[in-house]
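Q: Mind having a look at this structure? Questions to follow.
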């Protein structure tokens, strides 16, 4: 079956097989959080995006094949409640942006900034800093066609900025400049909660998002 990105609590992972990368998406916890396991096809190395909750399910998803890295997209607790357990069990390097790193429950081994690269096997992911939902929110981009956005971009709008006009302007500006202005319509968006989308599906709504201010 083809990948849709539609997952449910306690349900199975949805798996996308790309030539160089396998993406497994699962929903965990009580807040509808998505976690993503990325595996390099050539080497088998793995990377987990957001050890959000239910460490036992995440470790079952990881299985017997090692992962080398865990990336936390931002500081909010619902995105890292399983981080300590999964990091201890796997020995993986913990990665986050320096502005959010102090809020995580374990020391961050590798701090990344906008434009940095993270490798999983022979695959490279680009860090995109999207300021506003939190100061250190990041997205991960793979080959200009797949972007993991945490809580900075969803179907229907950008992430929550608590009705703060300055924070909204910052997040909307970053998402427009660093994501929409740069990447093609076919780029698939993997958010921190809920269903996936594409930039092409969301692009016509940008003026509406800007006008409404959230």
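Q: Rounded to the nearest 0.05, what FRET efficiency is calculated for residue 111 and residue 176 with R0 set to 41 Å and r the Cβ-Cβ distance?
A: On the way: r = 26 Å, r/R0 = 0.63.
Computed FRET efficiency for residue 111 and residue 176 comes out at 0.95.
Q: Now for a different question. Looking only at the stretch 39-164, where both bridge partners belong to it, what percent of the DSSP beta bridges are antiparallel (to the nearest 5)?
A: 65
Q: Quick check on the chain: of the DSSP beta bridges with both residues there, what percent are antiparallel, nearest 5%?
A: 75
Q: Another question, if that's okay. Is the stretch 46-92 best put as rounded, prolate or oblate by its Cα gyration tensor, with a ≥ b ≥ c the root eigenvalues, rounded for a/c under 1.5, and otherwise prolate when a/b is larger than b/c, oblate when not?
A: Verdict is prolate for the stretch 46-92.
Q: Using a Förster distance of 45 angstrom, determine the FRET efficiency expected from the C-beta separation of residue 64 and residue 211, and round it to 0.05.
A: For residue 64 and residue 211, the calculated efficiency is 0.35.
Q: Arrange 205, 137 by Cβ neighbour counts within 10 Å, fewest through most, would you?
A: Neighbour counts put them in this order, fewest first: 205, 137.
Q: Still on this structure, I have one more. Measure nothing but the geometry: give the 0 to 90° angle between the long axis through the Cα atoms of 165-175 and the longest principal axis through the Cα atoms of the chain, rounded to 10°.
A: 60
Q: Starting from the Cα gyration tensor of the stretch 93-207, take the square roots of the eigenvalues, sort them a ≥ b ≥ c, and report rounded, prolate or oblate (rounded when a/c is under 1.5, otherwise prolate if a/b is larger than b/c, else oblate).
A: The shape class here is oblate.
Q: Can you give me the Cα centroid spacing of the stretch 48-126 and the stretch 131-178 in angstrom?
A: The stretch 48-126 and the stretch 131-178 have Cα centres separated by 19 Å.
Rule-based calculations on the coordinates, nothing more; no lab input. None of these values were measured; they are calculated from a predicted model. Heads up, the Cβs are rebuilt from the backbone with ideal geometry, glycines too, and the neighbour counts pull from every protein chain shown.
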